[in-house]
1. Using θ = phi - 60° and the Karplus form 6.51 cos²θ - 1.76 cosθ + 1.60, what ³J(HN,Hα) does each residue of region 127-136 get, whole Hz, x for Gly and Pro?
2. Heavy-atom accessible area per residue, region 48-151, 1.4 Å probe: how many Å²?
3. Mind giving me the FRET efficiency for ASP19 and LYS147? R0 is 35 Å, r the Cβ-Cβ distance, nearest 0.05 is fine.
4. Given labels modelled 7 Å from the Cα in the Cβ direction, how far is it in nm from GLU128 to HIS52?
5. Contour minus end-to-end for ASN96 and ASP8, with contour as 0.36 nm per residue of separation and end-to-end as the Cα-Cα distance?
Amino acid sequence: MKNNKALDFYQIDSGYNLDLPYIGEGLRAGFPSPAEDHNLESINLTRELIHHPNTTFMARVVGDSMIDANIHEGDILIIDRSLDFQDNDVAVCFINGEFNIKYIERTNDELFLVSANPKYPKIKVEAEDNFILWGVVTYIIHKPNNKKRRL
């Protein structure tokens with residue numbers, strides 16, 4: 001699919017299922033739990049993350065306009081084109097020849113594309129704009145940020 005400066009797109013390979021070991025009872029993020037045996041189950045990431053394979057795409061983020069939404073350059077987005085948009089959804093939009101990832105904000109009869117980084121202005125979608133709400137971001141995959149660890 002077309003590359004651009006905001007996102008690099010990838011189509012889902014729906015014939016591939018990725019089963020990985022999974023700790024079904026969860027891991028504690030608070031105090032440690034007493035030592036106990038964890039039962040390893042299996043999780044299929046394709047089934048878990050992709051509910052509509054024919055309308056789902058992945059894209060890699062390029063840029064920092066959504067950094068305060070915890071979406072960073074290099075993150076992988078899972079985007080479902082079959083979902084209806086709701087206010088404040090993170091969405092992939094096509095406007096005047098470019099893909100963007102933004103919050104969608106509706107006020108009265110106006111539609112805005114809003115970044116999660118104050119250095120980028122809110123974009124008002126005008127009637128003459130070539131605009132498509134392309135898909136809703138359903139998951140964000142990124143590496144943990146070890147640099148923000150408090151010591």
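The values are calculated or read from the model by the stated rules, or taken from the named source; none is laboratory data. Remember, it's a predicted structure, so these values are computed and weren't measured experimentally. We place every Cβ from the backbone using ideal geometry, glycine too, and count neighbours over all the protein chains shown. Quick note on the areas: whole protein, heavy atoms, side chains included, nothing else; ligands and nucleic acids left out. Shrake-Rupley method; radii C 1.70, N 1.55, O 1.52, S 1.80 Å.
1. Result, ordered by residue: 4, 7, 6, 7, 10, 9, 7, 7, x, 9 Hz.
2. Details: 6480 Å² over 104 residues.
With all protein chains present, region 48-151 gives 62 Å² per residue.
3. After rounding, the FRET efficiency stands at 0.65.
4. 3.3
5. 30.0 nm
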